[in-house]
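Inspection log for the structure reproduced underneath, given as structure tokens.
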Amino acid sequence: SEKDIIFFSLCVYNVHQLKNFQSLTYDKSTDRKLNVALSRAKHNLIILGNDRILEKSPFYKEVLDDIRKNNGFL
């Protein structure tokens, strides 16, 4: 369900752990878990994690690039 604020914690310490957090669609075009987190936050989505590791995933890299571009917090 939708919430005003969602905390999305991704405790990864190396690139190999990214597979554990991703739930890709059959065509591997979308990470379902990330999509749910992004779509359920009404006002704020707070992502906790190591940006240097998360940006190794094309899905998280796109989100991080957008945050940087729009002067979000990192």
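The 1.4 Å probe gives accessible areas that order Leu64, Leu45, largest first, as Leu45, Leu64. Expressed as a fraction of 2.2 N^0.38 Å, the C-alpha radius of gyration for the chain is 1.07.
Enumerate the calculated ³J(HN,Hα) couplings along segment 10-24 in order (Karplus 6.51 cos²θ - 1.76 cosθ + 1.60, θ = phi - 60°), each rounded to whole Hz, writing x wherever the residue is Gly or Pro. For segment 10-24, the Karplus curve yields 10, 8, 10, 10, 8, 4, 4, 6, 4, 4, 5, 9, 8, 10, 7 Hz. Taking amide H atoms as placed 1.01 Å from N in the peptide plane, the amide H of Asn50 lies under 5 Å from those of Val12, each 5 or more residues away in sequence or on another chain. Applying both filters, DSSP loop and at most 11 other Cβ atoms within 10 Å, to the trypsin sites (Lys or Arg not before Pro) of the chain gives Lys28.
For the chain, the share of accessible area belonging to carbon and sulfur comes to 52 percent (1.4 Å probe, ligands and nucleic acids excluded). Note on Glu55 and Ile67: the model spin-label points, each 7 Å out from Cα along the C-beta direction, lie 1.1 nm apart. DSSP beta bridges fully contained in the chain are about 10 percent antiparallel.
Stokes-Einstein diffusion of segment 14-54 at 20 °C, 1.002 mPa s viscosity, Kirkwood radius from Cα pairs, rounded to a whole number: 186 µm²/s. Loop exposure criterion: chymotrypsin sites (Phe, Trp or Tyr not before Pro), DSSP state outside H, G, I, E and B, at most 15 other Cβ atoms within 10 Å. Applied to the chain, the longest stretch between such sites is 27-72. Once the chain from Lys28 to Ile5 is taken as fully extended at 0.36 nm per residue, the excess over their C-alpha distance is 5.5 nm. Exceedance of the 23 Å cut-off in Cα-Cα distance is limited, within the set Lys19/Lys69; Lys3/Lys28; Lys42/Lys69; Lys3/Lys56; Lys3/Lys33; Lys33/Lys56, to Lys19/Lys69; Lys3/Lys28; Lys3/Lys56.
Here's how it looks for Leu24: its modeled amide H is under 5 Å from those of Arg32, which are all 5 or more places away or on a different chain. With a cut-off of 10 Å between beta carbons, the residues surrounding Thr25 carry a summed charge of 0, where Lys and Arg count +1 and Asp and Glu -1. Here r is the Cβ-Cβ distance between Asn14 and Ser39 and R0 is 25 Å; the resulting FRET efficiency, rounded to 0.05, is 0.35.
The values are calculated or read from the model by the stated rules, or taken from the named source; none is laboratory data. Owing to the predicted nature of the structure, the values given are computational and were not obtained by experimental measurement. Neighbour counts are summed over all protein chains in view; Cβ atoms, including those assigned to glycine, are modelled from backbone coordinates with ideal geometry. For accessibility, only protein heavy atoms count, side chains too; no ligands or nucleic acids. Shrake-Rupley method; radii C 1.70, N 1.55, O 1.52, S 1.80 Å.
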